[in-house]
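What follows is one structure encoded as structure tokens, with my remarks underneath.
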Ligand SMILES: [Zn+2]
């Protein structure tokens, strides 16, 4: 009799524990499911979107890196843009860009819209944190704008050198072109994402919000180029 009672108590205890476990799982935040987490905007997020002239501190960082000795664009024509973006874990992150003053307001508005929409951008750091080595920045999937440099395989100053171009999630949206009969992919680790018929994460195409916003602001998309395809790249022609 005593054993029977013990068995019943044991069974009830197990049932209660199972119920508690299920309740805990339902009640616990859905953070564990990663990408399905709803993006929550930071408090006072609007204060984090601002444009400044290039401070001494930022200019110091840029020296010999994105701002090279032969740079033809004056410091006064550049702007520092501070933003927030939603990272791949749906967390709010601070982002920094340097760009031409002519597109600073565009970038502020575009990144604000992307943030409000929870559009995922992994990193937005100054390219100077990668020694202004574009390949390193792209390989780390860093999104950036100004960098006084030439277009690869040419002597032509890139639109990035004028601060009027932005690269978004470059690892998943590589720059693809034919050079001496072979396909060049930048960054090199973006090779798995060259075939755009695939279902690629963070893919920029004509249905993508990022594409739509940049085009609304008068930018051209490198994915529309004929001779090469620069899926990460948006640039604006200024007077
Ligand atoms: Zn670019």
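What follows draws every value from the coordinates through simple rules; no lab data is involved. Computed from a predicted model, the values in this text were never measured in an experiment. With ideal geometry, Cβ positions are generated from the backbone for all residues, glycine too; neighbour counts draw on all protein chains shown.
From most to least packed by mean Cβ count within 10 Å, the peptides 172-181, 96-105 give 96-105, 172-181. Relative to the longest principal axis of the Cα atoms of the chain, the long axis of helix 2-27 lies at roughly 20 degrees.
Most exposed first by the Cβ proxy, i.e. fewest other Cβ within 10 Å, how do 167, 227 rank? Please report the intermediate quantities before stating the final value.
Working: 167 26, 227 6.
Result, fewest neighbours first: 227, 167.
With neighbours defined as other Cβ atoms within 10 Å of a residue's Cβ, the residues 78, 171, 209 order from fewest to most as 209, 171, 78.
Per residue, the chain reaches -8500 deg cm²/dmol at 222 nm when only DSSP H runs of four or more residues are counted, each adding -39500 (n - 2.57).
When the Cα convex hull of segment 56-109 is projected onto planes of every orientation, the mean area is 4.6 nm². Ranked for footprinting exposure by Cβ neighbours inside 10 Å, fewest first, 61, 4 give 4, 61.
The alpha carbon centroids of segment 105-125 and segment 169-210 are separated by 20 Å. Here the alpha carbons of the chain define both size measures, Rg and Dmax, at 23.8, 94 Å. Mean-square fluctuations from a GNM of the chain, with a 10 angstrom spring cutoff on Cα atoms, peak among 220, 120, 63 at 63.
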